[in-house]
């Protein structure tokens, strides 16, 4: 079982400084078109040249004029059956009603959604909520701490991930300073 796989036909939340990296990690792993929905006044933009292999060709960017337009675009995109993944960046906390509408749209379209939320801005309707932070590591290393803080259908826990930012392959690593040895071995 893959502990980092987002359940399909559901909407998930990711917060923290590493939430965009988590979204790109998920984008590499999903097939089909990817939609990234932001507010037009948000100046942080993806640079296609810096995206992981195979993502730029499938990526569609949508700019919404308002939070209401953003929610509408998320809902309509989630309903589209040919979409692989919908990533969106709402600015405001989401109401339970809005969150439930998005869950129903994801179920109808059999599409997965990932909302990149600000701290404490998620909906209680979210299937999972991830806290994503980059971690220091050796030069050339890309380490992440992805903590699953909410999970409606399973366990929660923290995953330390080494991911090169390009391929779907990744390594689960123990926390810094901890080394796991096979049972029966001692120092």
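The values are calculated or read from the model by the stated rules, or taken from the named source; none is laboratory data. None of the values given here were measured: they were computed from a predicted structure. Positions of Cβ are generated from backbone atoms using ideal geometry, with glycine treated the same way; all protein chains shown enter the neighbour counts.
Results, tabulated for the structure shown:
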read-out	value
Number of positions in the range 74-104 that are assigned to a helix (DSSP H, G or I) and in contact (Cβ under 8 Å) with a residue 12 or more places away in the chain	13
Elements of type strands (runs of 3 or more DSSP E) in the range 105-161, at least 3 residues being under 20 Å from residue 37 (Cα atoms) and at pLDDT 95 or above	112-116, 128-135
Lone qualifier among 44, 2 - being more than 12 Å from the chain's Cα centre (by Cα), assigned to a loop (DSSP other than H, G, I, E, B), closer than 27 Å to residue 100 by Cβ and at pLDDT below 90	2
Subset of the range 54-73 [modelled with pLDDT under 95, within 18 Å of the chain's Cα centre (by Cα) and either part of a helix (DSSP H, G or I) or surrounded by 17 or more Cβ atoms within 10 Å (Cβ to Cβ) (or both)]	55, 56, 58, 59, 62
